[in-house]
Amino acid sequence: MTSQDPITNNPSKARVFGIDWGAAEGRDIAIRLIAFTVSGIIAVVLGFLYFTPAEAGELVRRFGYFGIAATFVWFAFLMIREVLAFRAWIRAMTVLEFKYLLLTVGALAVVGWVAFPPSYKVLYDELVLQATSWNLHKLREVGTMVRGYEVEGVFMPLFVYVDKRPYFYALLVSLVHDLTGFRESNAFWFNTALYPVVLVLFYAIGRRLASARIALAGMVCFGASPLLAQNANGAGMDLLNLAMILLTVLLAARYLDRPQDRTLSLLLFSCVLLAQTRYESLLFVVTTGLVVLEGWRRAGRVLLPLPAIFVPLLLIPSGLHNSYLSGMPSLWELREDMDSRFGLEYVWPNLGHAWSYLVNTSTGSLGAFWLSWCGVPALAALAFFGLKRWREWKRADSTLAAIGLMSIAVLANLALLMAYFWGQLDDPIVSRLIMPFTILLGVAVIVVLAKIEQHGPRLARWVMGGALVCYFGWGLPAARHHRDINQLATELAWEQSVVARMEPRSRLILTDKTTLGWLMKGTPALILKEAGNRADQIQFHLQHGTFDEVLVTQRIRPISSDGGFEIDPRDRISERYVLEPVRESMQGARLVRISRVVEIKPAPAVESTDQSSENSAAAPTEESSV
């Protein structure tokens, strides 16, 4: 683009992208572009190149809280400024539309709350997030406790490590703890409140694409999902990830509608927080960048508000966390014969599992098969017509453009999952990872219904009715089935309820499960297999009154169809411990037992005198201490 020189009437070569680079405004934009570039280089160097994995992890532990908290506060301030826009959206609704929206969202939320009682759905993952929120609340450090003990009446962690999971969800839960004090239930209540927010955000996107009736039908297809409702009553980060994706898409559409400094700043800060919600959500940094460039094209000029210059620096914690994770293979949860998380050999089997998940109509699957039946053909049709008319992309609707660009990250995430060694979507633990893809399925249903509305005006009602029938007929029984087979969580809940009814005493729990379930209750715990190596230390603390008693939890499995039980080999304890059974309960097909340690026998004599002397002279280490 060029402009006329006011003196010579000759075209000026300095005007490019709608900006006169020779004028004051152009020089200001040039300075901001240089500052943004420098900021990006610093972020890449500090986030990925300069620090070793161990140093990166230590920086995240010590300073990660302050980085993510400052980003969230800044984002909240920008969101508060948009309250008027939100009120305008509400006022634009008719009274009938608002009532139907309130009724539908309320009904789905209430059914989810009643049918899916709060509980841990993925036991270890959710307990790690609970422990991280405890650390953020108490110590303002990013970390998960390994052991904890009561010191002068205050329960304190002994060892802390940086976990692989991003910590934005843990931060928000820790803020709830700051208001109410630490309670395990805060994580469940947070997700419970987030569930209707997710539904409303999806409706807001759908309403930008179609009429209220069609948007409502699409929201029911998307929201009447046992997987979505089950996560709404868990303590995981997946529902927050879904909410942040929907919010970022909505903000991207608003930015493309009105490319301005305010809308751009809000979009970029939403993207930074989304990148800290799940590992793979870092992919949205790339697609958000594409949205920013598209906004520049639509505005005909470069937009770079001052807050945007700091965005790369705010992504440094994400870079450090990923650098730390890449250098810690022990956190990858690989099998013994593996050295890599991804491989092409996993793709074909995982595709089979994905197809099985999408079309499975049994109550053994948490899939919303009605959404799959409607959404997959609709998404395929959209992809076909989109490729056929790709030359018209410059005139695309802002909402469709935002969804199309953001879908690149969703599809890239799905492709990575198919190449992941643990990417079997019909696995109850893995199924939750498909939730971002269900956004695309729901949106596709809305767009296709809008296109054919004049040919089938009642089709939206049939789609909504089918979703509800499948939800109540198959979805809720599937959720109940998966709640019943989640034996670890059920067993832990029973054990904790038994101990809670006992006389208040200082106890050490030797558990056959993760210690985090007890540490979150303020009760010291050790993994059962470590008890044999620490028998002398435990005996010392019993004698000196550190603990009033030691309890042991074990699983006892049936050995034949004719009867008889034996202790699970994984739960056997050293013969030095003399146990007295306290309580037993049948949980599924196995017996769960709580025992009390009544005696710890002396260690057997060591045959070699030299070896005995060497052991007695060895200095105690952290790993050998209780």
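The values are calculated or read from the model by the stated rules, or taken from the named source; none is laboratory data. Please read all numbers here as calculations on a predicted model, not as lab measurements. We place every Cβ from the backbone using ideal geometry, glycine too, and count neighbours over all the protein chains shown. SASA here: full protein model, heavy atoms, side chains in, ligands and nucleic acids out. Shrake-Rupley method; radii C 1.70, N 1.55, O 1.52, S 1.80 Å.
Taking the range 499-529, which residues are of a type in the set (Asp, Glu) and surrounded by 20 or more Cβ atoms within 10 Å (Cβ to Cβ)?
First, the residues of the range 499-529 that are of a type in the set (Asp, Glu): 503, 512.
The answer is Asp512, and nothing else.
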Checking Leu425 against (1) outside any helix (DSSP H, G or I); (2) over 21 Å from Gln230 (Cα atoms); (3) not aromatic (Phe, Trp, Tyr), the condition it does not meet = (2)
Unique match (being open to solvent by less than 30 Å² (accessible area, probe 1.4 Å) and among the aromatic types (Phe, Trp, Tyr)) among Tyr167, Tyr161, Tyr149 = Tyr167
note = Residue hits (the range 344-379; open to solvent by 60 Å² or more (accessible area, probe 1.4 Å) and aliphatic (A, V, I, L, M)) are Leu344, Leu351
key: Filter result for Gly47 (in contact (Cβ under 8 Å) with a residue 12 or more places away in the chain, closer than 25 Å to Leu251 by Cβ and small (Gly, Ala, Ser))   = yes
query = Given the structure, is Leu194 closer than 29 Å to Thr490 by Cβ and within 18 Å of the chain's Cα centre (by Cα)?
reply = yes
note = Over the range 125-180, the set of residues under 21 Å from Ala275 (Cα atoms), β-branched (Val, Ile, Thr) and assigned to a helix (DSSP H, G or I) is Val128, Thr132, Val173
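Among the candidates Ile80, Ile42, Ile68, Ile90, single out the residue that is over 29 Å from Ala224 (Cα atoms), among the β-branched types (Val, Ile, Thr) and at pLDDT below 90.
Details: Ile42 fails: at pLDDT below 90; Ile68 fails: at pLDDT below 90; Ile90 fails: over 29 Å from Ala224 (Cα atoms).
Checking each option against the conditions leaves just Ile80.
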query = What is the one condition in (1) open to solvent by 30 Å² or more (accessible area, probe 1.4 Å); (2) small (Gly, Ala, Ser); (3) closer than 30 Å to Pro166 by Cβ; (4) at pLDDT 90 or above that Ala115 does not satisfy?
reply = (4)
task = Kindly provide the set of residues from the range 467-526 that are in contact with a Gly (Cβ under 8 Å, 6 or more places away or on another chain), assigned to a helix (DSSP H, G or I) and more than 30 Å from Asn360 (Cα to Cα), ordered by number.
result = Leu492, Gln496, Leu519
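Select from the range 441-488 the residues that are among the aliphatic types (A, V, I, L, M) and open to solvent by 20 Å² or more (accessible area, probe 1.4 Å) and list them in ascending order.
Restricting attention to the range 441-488, the residues satisfying the condition of being among the aliphatic types (A, V, I, L, M) are 441, 443-450, 452, 459-460, 463-464, 467-469, 476, 478-479, 485, 488.
Residues satisfying the conditions are Val448, Ala450, Ile452, Leu459, Met464, Leu468, Val469, Leu476, Ile485, Leu488.
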message = For the range 178-187, check the following and say yes or no: at least one residue is surrounded by 19 or more Cβ atoms within 10 Å (Cβ to Cβ) and among the hydrophobic types (A, V, I, L, M, F, W, C).
response = yes
inquiry  = Which numbered condition in (1) modelled with pLDDT of 90 or more; (2) more than 13 Å from Met244 (Cβ to Cβ); (3) open to solvent by 10 Å² or more (accessible area, probe 1.4 Å) is the only one that Gly295 fails?
reply    = (3)
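Out of all the residues in the range 337-344, is one or more of a type in the set (Phe, Trp, Tyr), touching a Pro at 6+ places or on another chain (Cβ under 8 Å), closer than 30 Å to Pro53 by Cβ and in contact (Cβ under 8 Å) with a residue 24 or more places away in the chain? Working first, answer last.
Initial filter on the range 337-344 (of a type in the set (Phe, Trp, Tyr)): 342.
With touching a Pro at 6+ places or on another chain (Cβ under 8 Å) added as a condition, the list becomes none.
No, that holds for no residue.
Among the candidates Phe116, Phe98, Phe159, Phe155, which residue alone is touching a residue at least 60 places away in the same chain (Cβ under 8 Å), closer than 26 Å to Met464 by Cα and among the aromatic types (Phe, Trp, Tyr)?
Values: Phe98 fails: touching a residue at least 60 places away in the same chain (Cβ under 8 Å); Phe159 fails: closer than 26 Å to Met464 by Cα; Phe155 fails: closer than 26 Å to Met464 by Cα.
One residue alone meets the criteria, Phe116.
Does the range 38-62 hold any residues that are surrounded by fewer than 17 Cβ atoms within 10 Å (Cβ to Cβ) and within 21 Å of Pro307 (Cα to Cα), and which are they? So that I can check it myself, show each step before the final result.
Filtering the range 38-62 down to residues surrounded by fewer than 17 Cβ atoms within 10 Å (Cβ to Cβ) leaves 38, 40-42, 44-45, 48-50, 52-55, 58, 62.
Scanning the range 38-62 gives Val38, Gly40, Ile41, Ile42, Val44, Val45.
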task = Go through the range 547-567 and give me each residue that's part of a loop (DSSP other than H, G, I, E, B) and modelled with pLDDT under 85.
result = Ile559, Ser560, Ser561, Asp562, Gly563, Gly564
message = Just to be sure before I move on: is Leu242 open to solvent by 10 Å² or more (accessible area, probe 1.4 Å), within 20 Å of Cys374 (Cβ to Cβ) and among the hydrophobic types (A, V, I, L, M, F, W, C) in the structure I sent?
response = no
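Of the residues that sit in the range 264-288 and are open to solvent by 30 Å² or more (accessible area, probe 1.4 Å) and not charged (D, E, K, R), which one is farthest from Ile68 (Cα to Cα)?
Of the residues in the range 264-288, the ones open to solvent by 30 Å² or more (accessible area, probe 1.4 Å) are 279-280, 282-283, 285-286.
Checking the rest, the ones that are also not charged (D, E, K, R) come to 279, 282-283, 285-286.
On the way: Tyr279: 15, Leu282: 15, Leu283: 18, Val285: 16, Val286: 20 Å.
Of everything passing the filter in the range 264-288, Val286 is farthest from Ile68 (Cα to Cα).
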message = I'd like the full set of residues that are more than 25 Å from Met502 (Cβ to Cβ) and surrounded by 12 or more Cβ atoms within 10 Å (Cβ to Cβ), limited to the range 533-565.
response = Asn533, Asp536, Arg557, Pro558
